[in-house]
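Novice: This is the structure I want to talk about, given as structure tokens.
The values are calculated or read from the model by the stated rules, or taken from the named source; none is laboratory data. Model, not experiment: these values are computed from the prediction. Cβ placement follows ideal geometry from the backbone for every residue including glycine, while neighbour counts extend to all protein chains displayed. With ligands, DNA and RNA removed, areas are computed over all heavy atoms of the protein, side chains included. Shrake-Rupley method; radii C 1.70, N 1.55, O 1.52, S 1.80 Å.
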Amino acid sequence: MHKGLSMDIQHYDIAESVGIPNLKDDVAVSLAQDVEYRIHEIVQEALKFMRHGKRTKLTVDDISNALRVRNVEPLYGFSSADPTRFRRTAAGNPTTGSTELFFVEDEELDFETILSAPLPRVPLDVTYTAHWLAIEGVQPAIPQNPTPSDAKTDLLHKRIKLDPATQPVVPGIKPGSGNQASSNSSNANNANNNNSNNNNNQGAEIRPLVKHVLSKELQMYYERITSAVLSQDEVLRATGISSLQNDPGLHQLLPYFVQLVAEKVTQNTRNLPVLEAMMSMVRALLDNDNLFVEPYLHQLMPTILTCVVGKRLGETPQEDHWSLRSTAIDILLLICHKYGASYHTLQPRVTRTLLRAFLDPEKPLTTHYGAILGLTRMGDEVFKTLVVPNLKTYMSVIEPDLGTEWDENRMDIESDNMSFSSMDGSATVRKNEAKHCLEAILIGLRSLIKSESAKAAKNATKAVPTIEDVREPLIQAIGEPLARSVLREEGIEQQILGVVVVIESC
């Protein structure tokens, strides 16, 4: 009765604390019986944990485990980490003899002291978190991963197999040669070479932070593929490109292929076959649906743009670098189409780069050609917005290089009456480059006029002007050479409305 009365009093106190001032007696009795049942249930579960732990003393951990089993919040601030203290006593009588016994003394607890004491701090529970260390060989920039400066610092301070009796070793300087290293540059180089030769004995060996291990099969495949792609044999080169395009097991080799492309393009801007082979390799890697190329786009884009707007590609200007630029532009468009949805700034940045190259009069005409052709293939809207308003100014820049041949006919560069002296040969090269630039502009104008005339024909409400009506406005808008070329196009009479749109765009 005393225990039930105590629990009823506690129920009244709890009810008042939650805003129930008058708790009925029958409700308090029912709650007390339910609480008592729950306490017995928890104690029985805790005793199971105690017996399975081969113990005879119930601990706080047993109670917490029982609460977890019943989906009840466990106890906080109490633990069973206190050391067990034994006391010694003597048992028996003088006739039978006394025996020493050791027992665990139960500590007497004062409930008032416990209730009035402040709550202990909640202990930190063991938790686990996960993060990406690397994705396809690329380490993401998150707080859990070391920054490049931290990685470099750890790498420079890494020492292995140092003799404690030797002096501290600085990488690249032989121990004991500090005075000699500062004397002149030749002594410093000699010390560096000696240290690299005797590195295993008394130097410090610096190893990469992450070691990328490739199997012998992958190494052999890499060597064979690179030699095949750079080979002069067309069949062998096509076989290598086909393997890169379809093989599903090239994940580990992808960063090596990307690095190879960057190095070859940087070092062989005068070697046109190598540049064409590297662009074919990039296209094959992009066409391989089994490869995750996105982390390497920032390394591929500069090499591709180099093949688009490079100042000079090939050993001589007579080489067909125009087709290389066209191929590189196709790769740019493929990347923008494939990854533009994931990277919204990709196409605007590429377009901005091409526009800067087009609007810079100091750039050579080869660079202008790549930029114009790239902007042309970006779409009619890009060409209409960015290129058409600048055509008249651009024509004033390159018109002196066209000569009189462009006024009457389409400037045959290979005519027999041209001189190939040193001065005339340079002029011929400039005319050829100017011709290609104008042809790239005409490609964009044809596409724009055709699409705009089709749109305007559906909503035509005014009379269609004649060619003579638009001749002078078109010359004023885009320049005389371009205007004459546009108006000489076959079927231009049916596309006059598109010509009007070009005039209005300027």
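Novice: Please compute the modelled spin-label separation between Leu47 and Lys216, points set 7 Å along Cα→Cβ, answer in nm with one decimal.
Specialist: According to this spin-label approximation, the distance is 6.8 nm.
Novice: Treating only the Cβ of Lys, Arg, Asp and Glu as charged (+1, +1, -1, -1), what charge dipole size does the stretch 302-372 show about its Cα centre? Round to the nearest 20 debye. Kindly include the intermediate steps, with their values, before the conclusion.
Specialist: Working: 8 positive and 6 negative charges, 66 e Å.
Approximately 320 debye in magnitude.
Novice: Another question, then. Report the full-extension gain for the segment Glu439 to Glu234: residue separation times 0.36 nm, less the Cα-Cα distance, to one decimal in nm. Walk me through the numbers on the way to the answer.
Specialist: Values: separation 205, 0.36 × 205 = 73.80 nm, distance 3.03 nm.
In short, 70.8 nm is gained.
Novice: While we're looking at this one, here's another question. If you average 1/r over all unlike Cα pairs in the stretch 450-506 and invert the result, what Kirkwood radius do you get in angstrom? Intermediate values should be presented prior to the final figure.
Specialist: Working: mean 1/r = 0.0882 Å⁻¹.
One over the average 1/r among Cα pairs gives 11.3 Å for the stretch 450-506.
Novice: Sorting Arg237, Arg224 by accessible area (1.4 Å probe), largest first, what list results?
Specialist: Numbers: Arg237 50, Arg224 160 Å².
Ranked from most to least accessible, the order is Arg224, Arg237.
Novice: Rank these residues by their accessible area, most exposed first, probe 1.4 Å: His368, His52, His298.
Specialist: Numbers: His368 5, His52 160, His298 130 Å².
Largest accessible area first, the list is His52, His298, His368.
Novice: How large is the accessible surface per residue of the stretch 259-337, computed with a 1.4 Å probe and reported in Å² as a whole number? All intermediate terms of the calculation are to be shown ahead of the outcome.
Specialist: On the way: 3270 Å² over 79 residues.
Per residue, the stretch 259-337 has an accessible area of 41 Å².
Novice: Moving on to the next point. Spelling out what I want: for every residue of the stretch 300-307, take phi, set θ = phi - 60°, compute 6.51 cos²θ - 1.76 cosθ + 1.60 (Karplus), and round to whole Hz; glycine and proline get x.
Specialist: Couplings: 7, 4, x, 5, 5, 5, 4, 6 Hz.
Novice: Okay, next question. Can you list residues whose amide H is under 5 Å from Val138's amide H, if they're 5+ apart or on another chain and H is modeled 1.01 Å from N?
Specialist: Those qualifying (amide H under 5 Å, at least 5 residues apart or on another chain) number zero.
Novice: Once neighbouring chains are kept in place and the probe is 1.4 Å, which whole percent of the accessible area of the stretch 228-331 is contributed by carbon and sulfur?
Specialist: Numbers: 2310 of 4570 Å².
Of all accessible area on the stretch 228-331, carbon and sulfur atoms account for 50 percent.
Novice: Round to the nearest 0.05 the FRET efficiency obtained for Leu23 and Glu108 when R0 = 25 Å and r is the Cβ-Cβ distance.
Specialist: Numbers: r = 33 Å, r/R0 = 1.32.
Rounded to the nearest 0.05, the efficiency is 0.15.
Novice: Quick one: ranking His344, His251 by accessible area, 1.4 Å probe, largest first, what do you get? Let's see the in-between values first.
Specialist: Details: His344 145, His251 80 Å².
Greatest to least solvent exposure: His344, His251.
Novice: Which distance in nm do the two modelled labels at Thr147 and Tyr37 give, with both placed 7 Å along the Cα-to-Cβ direction?
Specialist: With each label placed 7 Å out from Cα toward Cβ, I get 6.2 nm.
Novice: With θ taken as phi - 60° and the coefficients 6.51, -1.76 and 1.60, list the Karplus ³J(HN,Hα) couplings across the stretch 252-260 in order, rounded to whole Hz; mark glycine and proline as x.
Specialist: Once rounded to whole Hz, the list reads 5, 8, 4, x, 6, 5, 5, 5, 4.
Novice: Same structure again: Sorted by average packing, counted as other Cβ atoms within 10 angstrom per residue and highest first, what order do 63-75, 390-402, 369-381 take?
Specialist: For the peptides 63-75, 390-402, 369-381, the packing ranking is 369-381, 390-402, 63-75.
Novice: Given a cut-off of 20 Å, name the pairs among Lys392/Lys455; Lys311/Lys435; Lys338/Lys363; Lys311/Lys431 whose C-alpha atoms lie farther apart than that in the structure shown.
Specialist: In this structure, Lys392/Lys455; Lys338/Lys363 exceed 20 Å between Cα atoms.
Novice: I've got another one for you. In the neighborhood of Gly491, defined by Cβ-to-Cβ distances under 12 Å, what is the net charge if each Lys or Arg adds +1 and each Asp or Glu adds -1? Present the calculation step by step, with values, prior to reporting the outcome.
Specialist: Values: positive: Arg446, Lys450, Arg488; negative: Glu489, Glu490, Glu493.
Around Gly491, the surrounding residues sum to 0.
Novice: For the stretch 13-55, which trypsin sites (Lys or Arg not before Pro) pass both filters: DSSP loop (anything but H, G, I, E, B) and at most 16 other C-beta atoms within 10 Å?
Specialist: Numbers: sites: Lys24, Arg38, Lys48, Arg51, Lys54, Arg55; in loops: Lys24, Lys54, Arg55.
In loop regions of the stretch 13-55 (DSSP not H, G, I, E or B), the sparsely surrounded trypsin sites (Lys or Arg not before Pro) are Lys24, Lys54, Arg55.
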